[in-house]
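The values are calculated or read from the model by the stated rules, or taken from the named source; none is laboratory data. Because the structure is predicted, anything quoted here is derived from the model rather than measured. Cβ: placed from backbone, ideal geometry, glycine included. Neighbour counts: every protein chain shown.
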Amino acid sequence: MRRLIPLALPLALAGLVLAGCAVTAQPATTLSSASPSAAAESSVESRVQTTSDIDSTIPEAAAELLAANADGTVVNDDEWSIADAETITLAGATASSDSAGVTVDGSTITITAAGVYQLSGTLDGNVVVAAPDDAQVILVLDDATIASTSGSAIQVVTADDVAVNLAAGSTNTVTATSSADADASAAIYADSDLTVSGSGALTVTDSGNDGISATDDLAIIGGTITVDAADDALRGKDSLVVKDGTLTLTAGGDALKSDQTDDATQGYVWIVGGTIDGTATDDGIDAQTDAVITGGTLSLAAEGDGIHAETALAIAGGDVTISQSYEGLEAADIRIAGGTTRVTSSDDGVNASGNAASSSSGGMGGGMQDTGETLTISDGTLVVDAGGDGLDSNGSITMTGGDVTVYGPTAQNNGALDSNGGIDVSGGTLVAIGSSGMAESPDESSAQGWLAAAASGSAGSTVQITDAGGTVISSYTATKSFASVVFSASTITDGQSYTVSVDGTATSVTAGVAAAGGMGGGGMGGGRP
């Protein structure tokens, strides 16, 4: 039976979320060619793994989200032994194996028992796992090439946990043409939990639908993996977790996706580590609930959103580059709590939107009323280059720490900063350089000092901020034309005089006073009472 870690834990222990599936009715059984039937009849233990095994220093902003989500499933490489492997030799249109847990019917190989199976050679056909519901099945790909012209190349019909392990030094290829209306709609498709592990290489191509897809949890914990899919590259319906590996993803849909709609604790994407280079026609990351990044290196280019989550999005570590997107980061609740994030977008760079009230109100930015969305920045480095609003919230923007640089729009109908519920800054460093028509400043009640200037320049211009004594506080190089500068740091004192210079042309400002011609502090026309 499945054992889950209780979710009611102190946040100090809130790393306990990347939990494994544990089938614990009986102790782990040694699988060998001598006893496949015994293995098939026994439950195989899949040890619970927690995030404390990975990183015990996850910031609270991310740990809180993870603690509220259901446990994911992972099969670690130390849970099984290659010494127990049954051999399956692929030979063109057929295959051979001495295992009692394997049947071969023409070009279809069916695995019917729990165990470890090592596949080598070339198969023009399909590998099907139809094992007992409590079975753990390990498929070790060791220089295996599997190509299917009739649906999935590897399909898990029944099993509890399945792992595709990439043998050290091996190069493996899986190719298929699946369809959206088929029972198995990916080159590698699991109607179960699925883990991809190992240190070998895997290239997956599906010209009809998804690359690698699981109806339950999908975990990537190793390997050099290249996926080229007509739709989504990686999809774990209940959850998608990437702990390690080098991933190159090309998707006609989303690069990484989780889309469980029936359970609010599932449908999340969690990037723990690894290196990901993703190109997507839709979103780079698309999560039905939460998208959480606590480590790893990502480089995403998307025609849709760089990272999209319906509920919450937290970046609390790692190195994230969104080199192309419509909107860079989008969710109703966005938390920047660590790491380094660079966003390039044709529309909003960071967009806190999506609450029911805002999505139904229509009009500019979902209406100008505060509909409860939140953008919170507490740590990390964020650099935004936006064609639309730089930082945008249909609710509030709160900054307590971190280092944020926004190169905002050139058009007058957007601003480098845009909120419906006000901007409160009490820590960190914020610079926002953009157009003047909709320019917005932090609230007058913000604990940290800020200044705003109607100062113009072009791409390559040097923006320099000095105090009354001529000491340079900060200096920036603009990436595009601009007409407004907003700056906040611990060195700024409300009521004091400062100078904002653009290529030597000086503008005198008083800290805490909005620039003329913009939106002022806290919303349209400085309209917050």
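Here are the numbers for this structure:
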| item | result |
| --- | --- |
| Cβ-Cβ under 8 Å pairs, at least 6 apart or on other chains, segment 391-403 side more than 17 Å from Gly338 (Cα to Cα), far side among the β-branched types (Val, Ile, Thr) and assigned to a loop (DSSP other than H, G, I, E, B) | Asn394/Thr371; Gly395/Thr371 |
| Spans of strands (runs of 3 or more DSSP E) in segment 425-510 with at least 2 residues in contact with a Leu (Cβ under 9 Å, 6 or more places away or on another chain) and buried (at least 21 other Cβ atoms within 10 Å of the Cβ) | 429-434, 484-488, 497-502 |
| Some residue of segment 76-93 being under 30 Å from Ala312 (Cα atoms), touching a Leu at 6+ places or on another chain (Cβ under 8 Å) and assigned to a loop (DSSP other than H, G, I, E, B) | no |
| Any hit, segment 90-109, residues being within 34 Å of the chain's Cα centre (by Cα), in contact (Cβ under 8 Å) with a residue 12 or more places away in the chain and surrounded by 17 or more Cβ atoms within 10 Å (Cβ to Cβ) | no |
| Residues located in segment 231-257, provided they are under 23 Å from Gln324 (Cβ atoms) and in a loop (DSSP other than H, G, I, E, B) | Asp231, Asp232, Ala233, Gly252, Gly253, Asp254, Ala255 |
| Residue check, Gln260 surrounded by fewer than 23 Cβ atoms within 10 Å (Cβ to Cβ), outside any strand (DSSP E or B) and either at pLDDT 95 or above or not hydroxyl-bearing (Ser, Thr, Tyr) (or both) | yes |
| Counted residues, segment 147-171 - those being crowded, with 24+ Cβ neighbours inside 10 Å, touching a Ser or Thr at 6+ places or on another chain (Cβ under 7 Å) and not in a loop (DSSP other than H, G, I, E, B) | 6 |
| Test set (1) surrounded by fewer than 20 Cβ atoms within 10 Å (Cβ to Cβ); (2) out of contact with any Lys or Arg (no Cβ under 6 Å at 6 or more places or on another chain) - Thr321 fails condition number | (2) |
| Flag if Gln136 is within 18 Å of Ser99 (Cβ to Cβ), touching an Asp or Glu at 6+ places or on another chain (Cβ under 6 Å) and surrounded by 24 or more Cβ atoms within 10 Å (Cβ to Cβ) | yes |
| Where a residue in segment 220-244 is polar (S, T, N, Q) and its partner, wherever it lies, is assigned to a strand (DSSP E or B) and crowded, with 24+ Cβ neighbours inside 10 Å, with Cβ under 6 Å and at least six apart | Ser239/Asp217; Ser239/Ser258; Ser239/Tyr268 |
